[in-house]
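Q: Got a structure for you, questions after.
The values are calculated or read from the model by the stated rules, or taken from the named source; none is laboratory data. In this text, all values refer to a predicted model and were calculated from it rather than measured experimentally. Glycine also receives a Cβ, built like all others from the backbone with ideal geometry; neighbour counts cover every protein chain displayed. Note: accessible area is taken over every heavy atom of the protein model, side chains too, but ligands, DNA and RNA are not part of it. Shrake-Rupley method; radii C 1.70, N 1.55, O 1.52, S 1.80 Å.
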Amino acid sequence: MKLNIAVLSGDGIGPEVTNQAIKALEAVADRFNHFFTFKEALIGAIAIEKTGSPLPDKTLELCSTTDAILFGAIGATKYDNDPIAKIRPEQGLLKLRKALGLYANIRPIKAYDSILKRSPLRSRITKGIDITIYRELTGGIYFGEQHLSDDGTVASDLCQYSQLEIERIAHMAFKDAQKRRKKLTLVDKANVLESSRLWRRVISDMASQYSDVEVKYMFADNAASQLLKKPSQFDVILTDNMFGDILSEAASVIGGSIGILPSASLGDNFCMFDPYHSSYNRATGKGIANPIAAILSAAMLLEHFDLHEEAQSIKTAVEKALELNLTTPDLNKEKPFTTEKIGDFIGDYIQEPQEGNINYYNIYMGQSTII
Ligand code: IPM
Ligand code: MG
């Protein structure tokens, strides 16, 4: 298959982790005879620095003419410390999501046995956890009308949803639930918010079309605690933009590190793949950023194009790296490996998986550049 991929690596650790995802995709192209091209474009703080805009027209143009987008991360300390800055890196990402109609953000949470102990939660709670969060991404309070009174003392953000916006992501979530454990939990605040009551009405009306899926409803505050107390009760979680942002990050502690969690943002015409984590500017260039979230995002890209065996080859290589403890300091403080080294290992393993070959293990452990 031929795929043109736009690379928006962004700020902080974005470029270094995205490079490892490209390495994995190049290894897949080599082994399975595909042809992938990569074209880079600016977004975020670096784009503001170079062009004055967090999403230059050229970037949007490239994204609307490629098959898929690999996204790294955006953000810079300068803006985090200046909440009233008018032009901000985040605007680039939000504008991109909206312009391309990427309304469904899919965030899987998986606990790998080999790193179960790295989670701050008890293993009996996290073992075997496999949840997928469907977060609505182009509506709600993120995109509602904003207002600040003339004297600057009163502000508001409107949380608005239409039935259509709810239905289109709900269809995706229901269909996924049908292929999984057939459970869907709608997370909202229907006890307080009118917009949440609309979500509930729409989902309960749709439920009859997916009668094999068991539908549950849960308030967001309760869901935050249930995710950490008994995550095994969840299969597919469907929720709005803001609750999805918060709950997915809370759930990221289940697997031991946010550094291993990928995501996909899908619409009817475009698709983007990016790690959950932020730009982690303090770590930039130190080789300590975990590349696995970005690499698994590349696997989600392949799955999106029905390249299942190819995606599996990435996942197998990642699992091997985790098993061998070839990981960055977030998972391995004792003997960490660099971002680059882990990317090299995963790329090599995709091309030549050598199960049971003791030399393989020795080569990587022996020649490793330990930080
Ligand atoms: C995320 C991030 C973004 C969001 C920020 C960077 C705008 O936190 O993708 O989860 O809030 O959606
Ligand atoms: Mg977030």
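Q: Could we say that Glu61 is at negative phi, open to solvent by 20 Å² or more (accessible area, probe 1.4 Å), free of Cβ contacts under 8 Å to residues at least 60 places away in the same chain and within 15 Å of ligand 2 (Cβ to nearest atom) here?
A: For Glu61, the condition - at negative phi, open to solvent by 20 Å² or more (accessible area, probe 1.4 Å), free of Cβ contacts under 8 Å to residues at least 60 places away in the same chain and within 15 Å of ligand 2 (Cβ to nearest atom) - is not met.
Q: Please find, within the range 73-87, the residue that is surrounded by the fewest Cβ atoms within 10 Å (Cβ to Cβ) out of those that are touching a residue at least 40 places away in the same chain (Cβ under 8 Å) and farther than 21 Å from Asn4 by Cα. Give the steps one after another, and end with the answer.
A: Within the range 73-87, the first condition is being touching a residue at least 40 places away in the same chain (Cβ under 8 Å), and the residues that meet it are 73-77.
From what's left, farther than 21 Å from Asn4 by Cα: 74-77.
Values: Ile74: 31, Gly75: 21, Ala76: 21, Thr77: 13.
Applying the filter and picking the extreme gives Thr77.
Q: Do we find that Lys98 is part of a helix (DSSP H, G or I), touching a Ser or Thr at 6+ places or on another chain (Cβ under 9 Å) and either more than 30 Å from Ala321 (Cβ to Cβ) or hydroxyl-bearing (Ser, Thr, Tyr) (or both) in this structure? Lay out the reasoning, then the answer.
A: Numbers: part of a helix (DSSP H, G or I): yes; touching a Ser or Thr at 6+ places or on another chain (Cβ under 9 Å): yes; either more than 30 Å from Ala321 (Cβ to Cβ) or hydroxyl-bearing (Ser, Thr, Tyr) (or both): yes.
Yes.
Q: Would you mind finding the one in Phe219, Phe270, Phe234 that is more than 16 Å from ligand 2 (Cβ to nearest atom), surrounded by 23 or more Cβ atoms within 10 Å (Cβ to Cβ) and of a type outside the set (D, E, K, R)?
A: Working: Phe219 fails: surrounded by 23 or more Cβ atoms within 10 Å (Cβ to Cβ); Phe270 fails: surrounded by 23 or more Cβ atoms within 10 Å (Cβ to Cβ).
Going through Phe219, Phe270, Phe234 in turn, the sole match is Phe234.
Q: Tell me, which strands (runs of 3 or more DSSP E) lie completely within the range 119-176 with 2 or more residues that are among the β-branched types (Val, Ile, Thr) and more than 16 Å from ligand 2 (Cβ to nearest atom)?
A: Values: elements: 130-136, 146-148, 155-157.
Because the criterion is at least 2 residues that are among the β-branched types (Val, Ile, Thr) and more than 16 Å from ligand 2 (Cβ to nearest atom), the strands (runs of 3 or more DSSP E) in the range 119-176 that meet it are 130-136.
Q: Okay, next question. With open to solvent by less than 10 Å² (accessible area, probe 1.4 Å), out of contact with any Gly (no Cβ under 7 Å at 6 or more places or on another chain) and within 30 Å of Gly152 (Cβ to Cβ) as the only criterion, which of Leu70, Leu96 stands out? Don't jump to the end; show me each part of the working.
A: Working: Leu70 fails: within 30 Å of Gly152 (Cβ to Cβ).
Only one candidate passes the filter, namely Leu96.
Q: When you check Ile288 against the structure, is it within 30 Å of Trp199 (Cα to Cα), open to solvent by less than 50 Å² (accessible area, probe 1.4 Å) and part of a loop (DSSP other than H, G, I, E, B), yes or no? Spell out how you get there, then give the answer.
A: On the way: within 30 Å of Trp199 (Cα to Cα): no; open to solvent by less than 50 Å² (accessible area, probe 1.4 Å): yes; part of a loop (DSSP other than H, G, I, E, B): yes.
So Ile288 does not fit the description; no.
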